[in-house]
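The values are calculated or read from the model by the stated rules, or taken from the named source; none is laboratory data. Note that the coordinates shown come from a computational prediction; the quantities given were computed from them, not determined experimentally. Cβ placement follows ideal geometry from the backbone for every residue including glycine, while neighbour counts extend to all protein chains displayed.
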Amino acid sequence: MQAPANTYRSYALSMWRWIAPGLKSEFPDVQARLDADLALVLGGVGLRQAFDGEAPDLLLRYEAAPGVLFAELVDARTNERVWRTHLRGQDILSALPPDIAGDPNLN
């Protein structure tokens with residue numbers, strides 16, 4: 001499904017942001033770092049984080065473990081997944097994964 005370019009403008013961090021315990025103990029600030037890095041990627045495709053009190057268009061969910069990052073955006077109204085990525089190893093170091101480069105619709 002291809003959504004119109006102006007369908008999604010904002011996102012919020014979901015409560016579902018899981019970090020492997022070993023990763024958290026090795027890097028205590030890993031969740032803040034992932035939140036910030038993913039915000040940069042999403043900002044690069046025209047999404048902004050929802051303001052306090054604003055209903056977001058999308059919810060960002062992710063799971064992280066050593067060498068693996070799974071992230072997805074779901075429509076906040078319908079709970080349908082509109083974008084996902086599964087990065088391993090060196091792919092995680094890329095600022096803009098190939099999955100979303102040049103795709104502002106995130107579908």
- Query: Counting just the residues of segment 70-107 that are among the β-branched types (Val, Ile, Thr) and over 15 Å from residue 56 (Cα atoms), which one comes out modelled with the highest pLDDT?
  - Reply: 85
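Just to check your reading of the model, which residue among 73, 13, 60 is touching a residue at least 60 places away in the same chain (Cβ under 8 Å), touching a helix residue (DSSP H, G or I) at 6+ places or on another chain (Cβ under 9 Å), more than 20 Å from residue 89 (Cα to Cα) and in a strand (DSSP E or B)?
Values: 13 fails: touching a residue at least 60 places away in the same chain (Cβ under 8 Å); 60 fails: touching a residue at least 60 places away in the same chain (Cβ under 8 Å).
Of 73, 13, 60, the one residue that is touching a residue at least 60 places away in the same chain (Cβ under 8 Å), touching a helix residue (DSSP H, G or I) at 6+ places or on another chain (Cβ under 9 Å), more than 20 Å from residue 89 (Cα to Cα) and in a strand (DSSP E or B) is 73.
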- Query: Out of (1) loosely packed, with under 10 Cβ neighbours inside 10 Å; (2) at pLDDT 90 or above; (3) of a type outside the set (Asp, Glu), what's the single condition that is false for residue 49?
  - Reply: (1)
- Query: Any chance segment 25-47 includes a residue that's among the aliphatic types (A, V, I, L, M) and in a loop (DSSP other than H, G, I, E, B)?
  - Reply: yes
- Query: Assuming residue 41 fulfils every condition listed in (1) surrounded by 15 or more Cβ atoms within 10 Å (Cβ to Cβ); (2) modelled with pLDDT of 95 or more apart from one, which condition is it?
  - Reply: (2)
- Message: Taking the condition of being of a type outside the set (D, E, K, R), modelled with pLDDT of 95 or more, over 9 Å from residue 10 (Cα atoms) and surrounded by fewer than 18 Cβ atoms within 10 Å (Cβ to Cβ), how many residues in segment 54-68 meet it?
- Response: 0
